[in-house]
Amino acid sequence: MADATESTALPKFIAQPNSADPFATRLVAELKHDRGILACQFDPTNRYLFAGARDYFVHRWDLSQEPVIDPPVDPKKKPKVPPIPVVPADSRIALAAHDSWIGGISLFDDGDRFVSGDFVGRVVIWANRTSTPNAEFAFVAHKGSIRKVSVSPDGKLIATVGNDQAVRIWRADAAGKLHRELLDHDCHVYHVAFHPDGKSLISADLKGRVKHWDVETGKLKREIDASSLYTYSEKYEVDVGGIRGMTFNADGSQLCCAGATGDKGIAHSGNARVLLFDWESGELLKTLRPEQEEICTAWGVKFHSDGFIIGSGGSRTGGFLWFWVPEEEVAFHVIKFKQRAPGFDVDLASDNKTLAVANHDGAVRLYEMSAEKEAEQTEKQA
Amino acid sequence: MTIEPSCNSNAHLVSRRSMLGNLLAGAAGVGAVGQLVHPAVARELESKQKQVLIFLLNGGLSQFESFDPKPNTDTGGPFRAIQTAVPGTHFCELLPYTATVANKLAVVRSMFAEKVPGSHGGAREYVVTGRPPQQGPYPWMGPVYSKLLADGGDLPGNIHITPSRWGPRQDAAFLGPRHASLVLSGGRVPLNVERPDAFKESSDDARYRLRQLADTKFSQRRRTAHTEAYQSSFDQAVKLIRQKTLFDVTKESVQDQDRYGSHDFGRHCLLARRLLEQGVTCVKVTHNNYDSHMENFNFHLEQLGEFDKPFATLMQDLDDRGMLDNTLVMLITEFGRTPTIQPDNGRDHWPPNWSVVLGGCGIQVGGVLGATNANGTEIADRPVHVGEMFHTYIRAVGLDPTATHSVGGNKVPIGAPERSAVTELLT
């Protein structure tokens with residue numbers, strides 16, 4: 001058990017001036033919806049935020065609209081906690097072209113297009129150049145749910161994975177034109193990501209196996225073992241877990257896989273973990289964990305350019321944002337959400353300070369990793 | 001509560017033992033029931049005997065992901081609804097094979113129970129006895145069918161095929177151990193049915209007869225529920241040794257084994273068909289892992305993906321063989337799952353509503369009884385209580401649920417007296 005001395009010995013991340021400061025992370029706005037949010041992503045300009053929810057739409061919020069604070073129900077009563085600004089409802093448009101929940105959204109680097117995949121295997125490629133994005137192409141990419149989609153760094157290819165155990169790479173400029181079909185998984189495939197060099201693709205499955213593919217040839221190059229995020233429950237005779245979040249750092253030298261470890265059966269999650277790998281060797285560098293164990297899953301993970309790692313997750317007991325440095329296994333900072341709602345996905349805006357978290361309770365929440373400006377504080381106090 | 005035999009006469013005992021002895025003598029080396037009884041009796045049995053096949057989807061099947069889909073609603077989940085063989089009736093897309101045999105089924109979408117215990121065991125007991133477990137213990141359906149339908153022949157009246165790690169349940173209550181489920185854990189042949197090589201069959205028979213003599217003598221003066229239990233255990237063990245091939249699905253054709261699938265549940269369904277064909281009165285098959293507080297959609301995708309094809313194949317096979325005319329089929333679960341999707345993508349327990357499916361003898365198939373509202377949060381039409389369904393299960397096989405069991409000289413109603421059968425479901 002960690003005592004006070006050990007606790008103070010934990011590494012502290014030191015934020016640089018004018019850079020992101022995880023310790024200063026604060027909730028700055030809520031983007032509300034009436035369904036749980038499963039996936040979210042900023043566009044490169046940070047003007048828009050795209051989300052997939054437990055409905056049949058892709059949702060786009062225009063973040064250029066200033067968040068507002070709802071007037072108090074009883075103006076005479078001072079709220080116990082400061083109200084959270086809410087992005088106006090009319091800043092959201094719901095884009096219809098899907099037949100089920102949206103499991104994955106991925107934007108092209110120029111922000112002009114994006115791709116979405118749903119739980120019945122349908123992929124839609126959208127043009128984002130107009131005030132209301134329109135569906136350019138739609139096609140059935142998988143038999144069964146699509147769990148994730150990914151756009152290649154050069155924007156020419158789209159990768160999709162699904163319950164049919166297949167990984168497929170599609171030409172982005174032609175509807176349903178298959179570039180490569182990659183078959184080696186023997187269970188549901190949960191995640192997919194292009195390496196930043198664009199030459200490699202990784203796919204990750206329920207059993208915690210990460211497969212490294214050559215994009216050009218379609219050959220399987222190797223397998224990385226993240227199976228600690230998977231359990232075969234002897235008691236229930238079922239597979240439990242899987243890789244829920246996955247991301248590379250900017251130069252592609254490190255890979256993170258998020259999920260949970262341990263067999264808690266079919267009614268409860270295991271313990272949240274993020275596995276940090278060296279990409280070149282495939283070696284597991286660290287198993288990142290919260291300081292205080294929680295029965296929950298790490299659903300999302302992002303690298304920050306300042307060298308720390310951000311995880312989102314939770315369970316019915318609560319939701320969390322965790323912050324790690326790659327050198328230490330224990331999170332150096334954690335934020336527990338006020339709402340009992342796990343964060344299913346996390347994205348980092350290009351300003352490197354704003355985080356979006358897709359929450360179960362029907363909101364995307366925006367956090368800023370910086371202290372509130374003095375002027376803003378003064379203004380609010382006034 | 002244990003049974004105190006109401007009748008202690010020696011004649012009764014002798015008669016029963018004699019019958020058993022005769023059957024054992026005739027059954028040596030024989031596997032098929034038709035060879036165990038007099039042909040005339042067998043014909044009569046064939047013409048009248050009803051059988052029952054129970055599927056228990058253990059843990060609480062989600063009505064949304066099965067027989068009452070609500071796609072594109074706030075509660076509905078990611079899966080679509082698909083057309084079934086009955087025009088206008090839709091199932092969840094996780095049941096494509098079952099949808100093709102919907103014309104052999106009756107769906108009840110408005111099941112409910114009140115004051116259901118929080119535990120799965122208590123809720124399950126409510127469903128299979130038709131009474132709140134606080135009032136019990138009452139015998140479960142399997143033992144009731146064994147008692148009322150089985151003829152005390154050489155086959156167990158009530159066999160329960162379970163996933164691994166399931167042990168016997170005390171499900172017979174006051175009906176006594178003779179009617180308790182014979183549990184085939186993991187669908188495997190019961191342990192120790194192979195006679196050690198050191199023993200010959202003749203010496204085994206001699207030992208059995210010696211034990212019988214001692215048993216009978218002891219029981220003349222000291223007959224209790226416990227002695228009855230021991231005797232039943234020995235009797236059942238002997239029957240099983242004689243008929244171990246009954247449980248061996250590898251005796252079925254390779255084609256059939258392929259049709260049902262190589263996974264456990266496929267084998268269990270094929271075993272259920274084999275047991276019914278051999279004349280077992282009540283066969284229950286349990287399929288596990290529907291208690292999806294977490295990852296409801298993933299687990300239902302997995303579990304129903306395993307369940308769907310073998311179940312539909314078995315329904316089709318029973319129909320092709322004409323067995324649905326005499327076999328009641330039911331698909332039950334202990335409760336439904338919450339309309340609200342929980343934080344871990346799960347659904348919690350929901351006793352206010354779930355779905356049950358019936359088929360086979362005595363049932364008006366091809367329809368849906370009851371309805372829920374648009375997003376499945378409430379029953380909108382024809383609520384059906386678990387107690388009513390218990391009466392219906394009994395009535396469907398031609399029995400009277402308002403009749404009584406005789407327990408120690410007392411009469412105990414078979415079904416809860418305040419309930420009655422759902423006539424709309426019965427032919």
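The values are calculated or read from the model by the stated rules, or taken from the named source; none is laboratory data. As the structure is a prediction and not an experimental result, all values here were calculated from the model. Positions of Cβ are backbone-derived with ideal geometry, glycine not excepted, and every protein chain shown enters the neighbour counts. Each accessible area value is taken on the protein alone, full model and side chains, heavy atoms only, with ligands, DNA and RNA left out. Shrake-Rupley method; radii C 1.70, N 1.55, O 1.52, S 1.80 Å.
Couplings 3J(HN,Hα) of the range A:266-271, computed from phi: 9, 9, 9, 6, x, 9 Hz, in residue order, whole Hz [Karplus 6.51 cos²θ - 1.76 cosθ + 1.60, θ = phi - 60°; x for Gly and Pro]. Take chain A, connect every pair of alpha-carbon atoms lying under 10 Å apart with a spring to form a Gaussian network, then pick out the residue of A:ALA97, A:ALA15, A:ALA356 with the largest mean-square fluctuation. Residue with maximal mean-square fluctuation among A:ALA97, A:ALA15, A:ALA356: A:ALA15.
Normalised by 2.2 N^0.38 Å, with N the number of residues, the alpha-carbon radius of gyration of the range A:97-225 equals 0.98. Per residue of B:336-349, other chain Cβ atoms within 10 Å of the residue Cβ number 4 on average.
Keeping every protein chain present and rolling a 1.4 Å probe, give me the accessible area per residue for the protein assembly as shown in Å².
Working: 33620 Å² over 809 residues.
In whole numbers, the protein assembly as shown has 42 Å² accessible per residue.
Need the full-extension length gain, B:ASP248 to B:ALA371, defined as separation in residues times 0.36 nm minus the C-alpha distance. One decimal, nm.
Working: separation 123, 0.36 × 123 = 44.28 nm, distance 4.15 nm.
Contour length minus Cα-Cα distance gives 40.1 nm.
Under the convention that each Lys and Arg Cβ holds +1 and each Asp and Glu Cβ holds -1, the size of the dipole of chain A around its Cα centre is about 920 debye. For the residue pairs A:LYS32/A:LYS338; A:LYS148/A:LYS264; A:LYS286/A:LYS338; A:LYS148/A:LYS211; A:LYS207/A:LYS264; A:LYS148/A:LYS207, alpha carbon separations beyond 18 Å are given by A:LYS148/A:LYS264; A:LYS286/A:LYS338. 3J(HN,Hα) along the range A:248-263, derived from phi through the Karplus expression 6.51 cos²θ - 1.76 cosθ + 1.60 where θ = phi - 60°, amounts to 9, 7, 4, 8, x, 8, 9, 10, 10, 10, 10, x, 8, 10, x, 9 Hz, with x in place of Gly and Pro. Of all aspartates and glutamates in the structure, those lying under 15 Å Cα to Cα from A:LYS78, and not within fewer than 8 positions of it along the same chain, are A:ASP70. Spin-label model, A:ASN46 to B:ARG321: label points 7 Å out along the Cα-to-beta-carbon direction sit 7.0 nm apart. Placing +1 on the Cβ of every Lys and Arg and -1 on the Cβ of every Asp and Glu, with nothing else charged, gives the protein assembly as shown a dipole about its Cα centre of roughly 2900 debye.
Think of it as helices only: each DSSP H run of n ≥ 4 in chain B is worth -39500 (n - 2.57), and spread over all residues that comes to -11500 deg cm²/dmol at 222 nm.
Given Cβ point charges of +1 (Lys, Arg) and -1 (Asp, Glu) and nothing else, what value in debye, to the nearest 20, does the dipole of the range A:97-225 about its Cα centre take? Before the final figure, lay out each step's value.
Values: 18 positive and 18 negative charges, 34 e Å.
With only Lys, Arg, Asp and Glu charged at Cβ, the dipole is about 160 debye.
Amide hydrogen proximity for A:ASP184: with H placed 1.01 Å from N in the peptide plane, the residues at 5 or more positions away or on another chain lying under 5 Å are A:VAL167. In this entry, chain A is assigned a mean projected area of 20.2 nm², taken as a quarter of its C-alpha convex hull surface.
Specify the inter-centroid distance of the range B:367-427 and the range A:278-346, based on alpha-carbon positions, in whole Å. For the range B:367-427 versus the range A:278-346, the Cα centre distance is 52 Å.
Quote the Stokes-Einstein diffusion coefficient, in whole µm² s⁻¹, for chain B, based on the Kirkwood radius over alpha carbon pairs, a temperature of 10 °C and a viscosity of 1.306 mPa s.
Working: Rh = 22.4 Å.
Reported coefficient: 71 µm²/s.
A Gaussian network model of chain B, with springs between Cα atoms under 10 Å, assigns the largest mean-square fluctuation among B:PRO143, B:PRO87, B:PRO132 to B:PRO87.
Quick one: Cα convex hull volume of the range B:161-211, Å³ per residue? If you can, show how the numbers build up before the last one.
On the way: hull volume 5.4 nm³, N = 51.
Roughly 106 Å³ of hull volume per residue.
Counting partner chain Cβ atoms within 10 Å of every residue's Cβ in B:289-300, what's the average?
Whole-number average of other-chain Cβ neighbours for B:289-300 is 5.
The candidates B:THR216, A:THR297, arranged from most to least accessible area with a 1.4 Å probe in the full protein assembly, appear as B:THR216, A:THR297.
Take the Cβ atoms of B:GLN236 and B:TYR97, set R0 to 35 Å, and the FRET efficiency comes out at 0.50. Charged neighbours of A:GLN339, selected by a Cβ distance under 12 Å, balance to +4 (K, R count +1; D, E count -1). Taking every lysine pair in chain B that is 8 or more places apart or spans two chains, those with Cα atoms closer than 18 Å amount to 11.
For A:ARG35, the accessible surface of its heavy atoms amounts to roughly 40 Å² (probe 1.4 Å, protein chains only, rounded to the nearest 10).
The alpha-carbon positions of the range B:131-219 define a convex hull whose volume is 145 Å³ per residue. With only the Cα atoms considered, the range B:328-379 has a convex hull volume of 97 Å³ per residue. For A:HIS191, the residues whose modelled amide H falls within less than 5 Å of its own, excluding neighbours fewer than 5 places apart on the same chain, are A:ALA204.
Highest GNM mean-square fluctuation, chain A, Cα pairs closer than 10 Å: which of A:LEU183, A:LEU31, A:LEU157? Highest fluctuation of the listed residues: A:LEU183.
Overall dimensions of the protein assembly as shown, expressed as equivalent-ellipsoid semi-axes from the Cα gyration tensor (√(5λ), whole Å, largest first), are 58, 27, 26.
Out of the total accessible area of the range A:97-225 (probe 1.4 Å, heavy atoms of protein only), what percent is carbon and sulfur? That fraction is 44 percent. How large is log10 I(q)/I(0) at q = 0.15, 0.18, 0.21, 0.32 Å⁻¹ when the Debye formula is applied to the Cα atoms of the range A:118-157, each weighted equally and without solvent? Log-scaled intensity ratios, in q order: -0.43, -0.60, -0.77, -1.04.
Our Cα-only numbers for the range A:261-341 put the radius of gyration and Dmax at 12.8, 40 Å.
Under 5 Å from the amide H of A:LEU38 lie the amide H atoms of A:GLY52, A:ALA53, A:ARG54, each residue being 5 or more positions distant or on a separate chain, with H modelled from the backbone and absent for Pro and chain starts. For the range B:287-351, what class follows from the C-alpha gyration tensor (a ≥ b ≥ c being the square roots of its eigenvalues): rounded when a/c is under 1.5, otherwise prolate if a/b is larger than b/c, else oblate? It is prolate, given that a/c is not under 1.5 and a/b is the larger ratio.
For the range B:63-71, the Karplus equation 6.51 cos²θ - 1.76 cosθ + 1.60, evaluated at θ = phi - 60°, returns couplings of 5, 5, 8, 9, 9, 9, x, 10, x Hz by residue, with Gly and Pro reported as x.
Restricting to Cα pairs below 8 Å that are 6+ residues apart, what does the relative contact order work out to for chain A? Please round to a whole percent.
Numbers: 1092 pairs, mean separation 55.6, N = 382.
15 percent.
What base-10 log of the normalised intensity I(q)/I(0) is obtained for the range B:209-344 from the Debye formula, alpha carbons as equal point scatterers, at q = 0.12 Å⁻¹? Computed log10 I(q)/I(0) values: -0.70.
Which of rounded, prolate, oblate describes the range A:1-112, given a ≥ b ≥ c as roots of the alpha-carbon gyration tensor eigenvalues and a/c under 1.5 marking rounded, otherwise prolate only if a/b is larger than b/c? In terms of gyration-tensor shape, oblate.
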